[in-house]
Amino acid sequence: MPKTLPEWLTHCEALHPKTIDMTLERVALVRDRLDLKFLAPVISVAGTNGKGSTCAMLECIALQSGWRVGLYIKPHLVHFEERCRINGAMVSAERLVPHFEAVEAAREGVALTYFEFTTLAILRALSQASLDLVILEVGLGGRLDAVNAIDADCAVITSIALDHTDYLGPDRESIGREKAGIMRAGRPVVVSDPQPPASLIAHAESLGADLWRLGRDFNVQGDQQQWAWAGRHRRYNGLAYPALRGANQLLNAAGALAAFEALRDRLPITAQGVRNGLAMVELPGRFQIVPGQPVLVLDVAHNPQAVAALALNLDQMGFYPCSHAVFGAMADKDITGLISSLAPIVDRWYLTDLPVPRAIKAEELCGLVAAASGQRHVSISTHANPAEALAAAVAAADPADRIVVFGSFYTVGGVLKDGLPRLVARHLG
């Protein structure tokens, strides 16, 4: 039997012939053997973009309102333990090991994927903690995702875009139908996508879910200094913008506040909790700006919609003489779609290999980047890993430049593995 968390994770990787096996039957069977139940209300968060940010806001607002909170969020950037937080702190590897042991004992005769096994272990850890709220980030889907083995008291569905089309379908309607699978009859579902797929709305109505739609059941408005939120029964005025940067974060914050209003009878929050929570929320790798010379921007944008939002946010940062980009991605992504939004503003590309078989090789990225850049003269280099790519960018950059690290979680995680980089250009060393 494995003894440590790294040993258990290695064990989990070898259990199932597929990395993704979209079915709930095996997970539900092991869930029942574990007798997994939650006494606290559960919020499940699905969507293509904005899930992690919404979860982080829910967590921080609830904590600042005085509640005990458990969070399952993924994937991790550096350490697996990032996926499980209790009261804002990562659960230690040692505390997780007994839950892996319990899943192993309960799964006798059942093959679980890495994601299913680890999800069940974290769910068990959260179910045995003394909590007032449990927040669960759904994986790539919804209907057949392992997290959906838990009946949520409130579902939140963020923006829907094209991603994981091999598993979820070729268009937003198909993907929306899969995400809608986390809804439950008679229970609230908050949709923070301003233009949700018709399939999502149709499923909520046919199921008899309590549908909360942005623009109908809750609204946002604001100016350059502050913003306001209005729901069915409550308003918040004069709010500071969320600490998470980017125009899209207002939609995520709006969805989080709607979820709290939907659960107000079981989990009332305070106005001060909302203000403090939005001001203090942190989530590494989501348009994260690290001050320095040059400035560093980290973003796990890995589908065209997310990269388009990144491009807009970069454009609003102001003028930089030269923009450097460290980029690596999975081969099954729309690579041209990822590159095209940033191609007009990136002057130097540092393309990197990633330590997983699914990743596209840096050499293969060269031609795609050159094609997307068109007539612009850009510099392109390839590197063995993200840390080397970032080091090359720092060596080439002037203090007034900016460096953007984006793409896969492995790309951003690769530059964070030794801690948050604080950049000093060679001129200032």
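Against the criterion of being surrounded by fewer than 17 Cβ atoms within 10 Å (Cβ to Cβ) and assigned by TED's automatic domain parsing to the domain that holds G50, R95 qualifies.
Restricting A259, A343, A279, A309 to those that are not in a helix (DSSP H, G or I) and not polar (S, T, N, Q) reduces the list to A343. Just to be sure, is E104 acidic (D, E), closer than 26 Å to E82 by Cα and over 23 Å from the mean Cα position of the chain (by Cα)? Yes, satisfied.
In this structure, V147 qualifies as buried (at least 23 other Cβ atoms within 10 Å of the Cβ) and modelled with pLDDT under 95.
Restricting attention to segment 370-429, the residues being in contact (Cβ under 8 Å) with a residue 60 or more places away in the chain and not in a loop (DSSP other than H, G, I, E, B) number 22.
With respect to G176, determine if the residue is without any contact (Cβ under 8 Å) to a residue 60 or more places away in the chain and on the phi > 0 side of the Ramachandran plot. No. Considering every residue within segment 262-277, establish whether at least one is under 30 Å from R358 (Cβ atoms) and crowded, with 19+ Cβ neighbours inside 10 Å. Scanning segment 262-277, I find no residue that is under 30 Å from R358 (Cβ atoms) and crowded, with 19+ Cβ neighbours inside 10 Å, so the answer is no. Just to be sure, is T113 surrounded by fewer than 24 Cβ atoms within 10 Å (Cβ to Cβ), under 30 Å from A331 (Cα atoms) and out of contact with any Gly (no Cβ under 9 Å at 6 or more places or on another chain)? In short, yes. Tell me, yes or no, whether segment 280-291 has at least one residue that is more than 30 Å from L354 (Cα to Cα) and among the aliphatic types (A, V, I, L, M). Yes; the residues of segment 280-291 include at least one that is more than 30 Å from L354 (Cα to Cα) and among the aliphatic types (A, V, I, L, M). Each residue in segment 346-397 was checked for being surrounded by 17 or more Cβ atoms within 10 Å (Cβ to Cβ), over 19 Å from A308 (Cα atoms) and polar (S, T, N, Q), and 3 of them qualify. Tallying residues that are surrounded by 18 or more Cβ atoms within 10 Å (Cβ to Cβ), under 24 Å from I182 (Cβ atoms) and in contact (Cβ under 8 Å) with a residue 24 or more places away in the chain within segment 211-249 yields 11.
The values are calculated or read from the model by the stated rules, or taken from the named source; none is laboratory data. Please read these numbers as outputs of a predicted model, since none were measured by experiment. Heads up, the Cβs are rebuilt from the backbone with ideal geometry, glycines too, and the neighbour counts pull from every protein chain shown.
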